[in-house]
1. Over all alpha-carbon pairs of the protein assembly as shown, lay out the pair-distance distribution in 10 Å bins, whole %, shortest bin first.
2. Once Lys and Arg get +1 and Asp and Glu get -1 on their Cβ, which of A:Ala281, A:Ser172, A:Pro208 lies farthest toward the positive end of the dipole of the protein assembly as shown?
3. Restricting the count to DSSP beta bridges whose residues both fall in the protein assembly as shown, what percent are antiparallel, rounded to a multiple of 5?
4. About its Cα centre, how strong a charge dipole does the stretch A:137-254 have in debye, to the nearest 20, once Lys and Arg get +1 and Asp and Glu get -1 at the Cβ?
5. With contacts defined as alpha carbon pairs under 8 Å and 6 or more residues apart, what's the relative contact order of chain A in percent?
6. Which three semi-axes in whole Å describe the equivalent ellipsoid of the stretch A:6-103, each the square root of 5 times a Cα gyration tensor eigenvalue, listed largest first?
7. With labels modelled as points extended 7 Å from the Cα through the Cβ direction, what inter-label distance (nm, one decimal) is found for A:Ser383 paired with B:Asp43?
8. Could you run the Karplus curve 6.51 cos²θ - 1.76 cosθ + 1.60 with θ = phi - 60° over the stretch A:72-87 and give me ³J(HN,Hα) per residue in whole Hz, x for Gly and Pro?
Amino acid sequence: MNILGISAFYHDSAAALYIDGKLLSAIEEERFSRLKHDNAFPFQAIQFCLNSVNLTIDDIDAIAYYEKPLRKLERLLETFVVTYPFALRPFLQAIPDWLGQKISVEEIIRKKVGFSKKIYYVPHHVSHAAAAFYSSSFNTAAILTVDGVGEYQTTALWKGEKDKLTLLKSISFPHSIGLLYSTFTAYLGFKVNEDEYKIMGLSAYGLPEYIQQVYRLMDMKSDGSFSLNMKYFSYRESFRMFSDAFIALFGPPRKPGEKVEKRHRDIAASIQVVVEELLFAMLNHLYTQTKSRNLCMGGGVALNALANGKIYTKTPFKNVHILGAAGDSGAAIGAALYVQRQLRGSSPVQQITSLYLGSSYSNESVESLLSCYPELTYKKYDSEIDLLRATAAKLAKGKTVGWFWGRTEYGPRALGARSILSRPSPRAMKDTMNKIKRREEFRPFAGSILQDHVHRYFYTPENKYYSPFMNVCLIVRENKRKELAAIVHEDNTCRIQTVNEDNGRYYRLIKEFYRQTGNPCVLNTSFNVMGEPIVEHPKHAIEDFLCSKMDALVINDVLINK
Amino acid sequence: MIAFFRRLNALFISAVLFFVYFLVIGLARLIYVLSERKNGKPDSYWQLARGKQKTVELSTPY
C-alpha cells in the first residue's frame, strides 16, 4: 500500500511517502521554494516524493492529511466569538485566507494534485503522537505531544501500546506552552515559529530573575496542567502575541536588531526554566498514568533540546525517543503512519533510524555545474577513503568545510548530509563559523560525535548513548571542555548528534577525523546562511561557498577549493 | 482595470465580513455570554479524554 502524508498551511509544509510500510521519501517544501518554513501547499515536495520512486499520483492508494481543517476553522470562529468585538482586523484577514485556500484542502488535492482516491484527515496531535511513537523502537510508551496549537489541542498525554494510541488527557487552546514560548520569542524581538531556538540559546547567558513574573502569566498545578492568564496575551485578538499588561510586567519589548541586554538574557533564562518545570511536571504526571519507562515526544516544543537533555534526571523515564522532525513537517510522517496502521491493521515496529530521505544529485551534474565556475578548482575522487582523508585533513588543520553528500535530511537539523563542518576547538572556531553563517554571537553550535565515544565526552544516561537526531543537549565532561571548546555553550551543555554506521559516509568521515586527531567529534551546523533554508541544489551550496569564508566544499565525490 | 476590480472585490468582501463579524459573531457572543457558567478554580486543568475523543473518524475534514 502506498500512502502519501502531507502537512501544509501553518509552517514547514512537507510531504512523506510510505511504500508498503517503508518510508522512502520525505522533504519540506522550503527546500524547493527557498522560503524558510514555507507554509504553502507542498506541490514540489509531493512531486519530488513521487519522482524519487518513479511513481505517479495514480499509484498512491491514500493521502493522509496532518490535521482536520474544518475543526481548525471551528476553533478560529470560536476564538472570534470569545474575543468579540476586539478581533475585527484578524477576522477580516483570516476568513478570506481560510475561505480561499485553507478550507479547500480536498479540492486542491483533487484538482491540482490530481488525486482521486481516498483522503484521510488525521487530527493534528494524533499525527504528532503517531510520528513520535510509531517511529520509535518501543512496543509500549508514554507519549507527550506539545506544540502551539493543532485543531484545539495544544498539549496531550497518550499511551502507546503496539498499534494503539490512547489519548489520556489534553489541554486546549488558548492555553499553550508553544504559544507561551513564542510570545517571549516575539517579545524579545525574534521571529515567531522560527527563532524559538534563539531564546533557548540566549537563556544560557542569563539568570532566571524573572521567574515570579513568568509564573504570574499562568496558574500551574502540580500535575503539570496549566491555564494561561489571557490578560497578558493578545494572540487571539490581534497580530501581536503579548498585551499591554505583559509589557507592564516585563518592561518594553526588544525591537528586532536592537542590542541584546542583560534584561533580555534574564527573561530568556526565566521562560526556559519555567517551560522546563512545566514539562517535567507533565512528564512526571504522565509517568504516574502510564507506568512506562519509555517516552516518546512530538510537536514543536519537543525540539527544545535543552529541556530534553534533562528528562533523564528530572523524570522517571529511562528511554526517550524524539523524531528529528518533531514539528509540523514530521506530522506528515505521523499522518501517513497512522493511516497505514488503521488500514493495514497490525504492523511491525518501523523504527526510523535515518532521516536521509530527501533529494540527491549525481557527480556528473555537479561537475557539469562546476564548469560554470572557472574561479573554482576541484578534484573528483575515485576512492572514498582518499576523499575522506583529504577532507578530514582540512578539518584537522582548522579549516571549515561545506559537506554536501547523498540524500538531504528531513526536518530542521542538518545531520551530516547538508552541513558545514569544522573541528570543535579552539574556541575561535565558533567566531569563524558565526561569520560564515552571519548569525548572532550568542547562538551555540552543535556537535556530531561517534556513538562509541559519546559517554567519554558527555554526561550521558548510558554508555554509547543513542541520540541520532540532534535534539538533546548534554553536559560536557569537565576534562573535555577544552577539546570541544567551540561547541561548549555558556551553560557547559552541547546539542549533540550521535553518529554510527546508519550515517554512512558522514560516519566514516568522523572516524577518519578521529584517526587523524584523536577527537571523535566535529562541529556541525546546517548548510545555509542566516534567513535561508538549508541548501537544496549543489548550485545553492556553491553560491553559499563563494559568498562566505568557507575554506572548502565537498559535494559527493568532488572536493572544491577557492 | 483588473487591479481596480480586484480592489473593488476585496472591498466588497471586507464589507460583507464586517457585517458578518458584527452581526453573526456578535449574536454568537451574546449567546456565549448568557450561557457561560462561572466555575471556581479547578484542581487540574487536564481535560479527560471522553469516549468520543478516543475514536478518530478519519474520512472527514471535520
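The values are calculated or read from the model by the stated rules, or taken from the named source; none is laboratory data. Given the structure is predicted, the values throughout are model-derived calculations rather than measurements. Neighbour counts run over all protein chains shown; Cβ positions are idealised from the backbone, glycine included. Calculation scope for accessible area: heavy atoms of the full protein, side chains included, ligands and nucleic acids excluded. Shrake-Rupley method; radii C 1.70, N 1.55, O 1.52, S 1.80 Å.
1. Bin by bin from 0 Å, the calculated values are 3, 16, 26, 27, 18, 7, 2, 0.
2. Highest projection toward the positive end goes to A:Pro208.
3. Restricted to the protein assembly as shown, the bridges split so that about 70 percent are antiparallel.
4. Here the size comes out at about 100 debye.
5. 16 percent
6. Values: eigenvalues 213, 42, 19 Å².
Computed over the stretch A:6-103, the values are 33, 15, 10 Å.
7. So the two model labels end up 7.3 nm from each other.
8. 5, 5, 4, 5, 4, 5, 4, 5, 5, 5, 5, 9, 3, x, 9, 10
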